[in-house]
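What follows is a set of notes on a single structure, which appears directly below.
The values are calculated or read from the model by the stated rules, or taken from the named source; none is laboratory data. Computed from a predicted model, the values in this text were never measured in an experiment. No Cβ is skipped: glycine too gets one built from the backbone with ideal geometry, and neighbour counts run over all protein chains shown.
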Amino acid sequence: MKGRILIIDDDPNLVRVLQLSLEREGYEVVSATNGAEGLQQAYKTQPDLVISDITMPKVDGWEVCRRLREVSDVPIILLTAKAGETNAAKGLELGANDYITKPFSIGELTARVQAHLRHTSLPSSQEPSVFALGDLVVDFARQKVTVRGKAVNLTPREFRLLSYLVRNRGKVLPYTTILSQVWGPEYADGDGLDYLRLYIRYLRQKIEENPSKPRYILTDWNVGYYFAG
């Protein structure tokens, strides 16, 4: 078994299609038809990845994401019929790892599932234990970040992005390279750059004293980003 996936959606036909497709790929799939049931299944089955619709009665996908992030770093992919950067940004702020607009292809969803599970399982034994520069401290082993002695709350994706930049500090990393290494090669084209820009903005807001004049995460225009150090 490649991993356990929880699908939360009030469209039974979509759930059935996703379940059959993912099971053919070797995943164990559990499902729920609303947010409240989905949270119960998540606490009970401890899935390796969660796919959740946003628009559901009573407990919507935003709330599902928020509650899961209080207790777990499980990768979360949000599904919605509403396009636009505002919705994507809200999902990322609540801790979602990814965002797919309906309608989408099963192949696209499967590729993103594989990418998130692959990066979640990457070993961290080769990472240095702690990195410190100025008022920033990154503890790779404990996956914790402090700025001026205060803990900074990063999502799992934000931490992976910061870790990758820090490990390659001083090098200008092309946008496509960062996307491929942090998100997976499937994200190197298309909308991936929008995700990267959002995450860079969020990281700067969390670790920079002045996000509009960053000290750590710098931009080489038309090329990529780099960590100064």
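So that you can scan it fast, the table gives a plain yes or no per residue for (1) more than 21 Å from the chain's Cα centre (by Cα); (2) among the β-branched types (Val, Ile, Thr); (3) closer than 22 Å to PRO103 by Cα:
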position: PRO12; (1), (2), (3): yes, no, yes
position: ARG16; (1), (2), (3): yes, no, yes
position: THR33; (1), (2), (3): yes, yes, yes
position: LYS58; (1), (2), (3): yes, no, no
position: GLU70; (1), (2), (3): no, no, no
position: ILE77; (1), (2), (3): no, yes, yes
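Residues in segment 197-208: is at least one outside any loop (DSSP other than H, G, I, E, B) and among the acidic types (Asp, Glu)? Scanning segment 197-208, I find no residue that is outside any loop (DSSP other than H, G, I, E, B) and among the acidic types (Asp, Glu), so the answer is no. Just checking, does segment 207-215 include any residue being more than 25 Å from GLY91 (Cβ to Cβ), hydrophobic (A, V, I, L, M, F, W, C), outside the structural domain of SER72 (by TED's automatic domain parsing) and crowded, with 17+ Cβ neighbours inside 10 Å? No: zero hits. Can you list the strands (runs of 3 or more DSSP E) found entirely within segment 82-169 that contain at least 1 residues being at pLDDT below 90 and closer than 22 Å to ASP48 by Cβ? By residue number, 98-101.
Residues checked against (1) over 23 Å from PHE104 (Cα atoms); (2) under 14 Å from the mean Cα position of the chain (by Cα):
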{"site": "THR177", "(1), (2)": "yes, no"}
{"site": "TRP183", "(1), (2)": "no, yes"}
{"site": "ASP189", "(1), (2)": "no, no"}
{"site": "ARG197", "(1), (2)": "no, yes"}
{"site": "ASN222", "(1), (2)": "yes, no"}
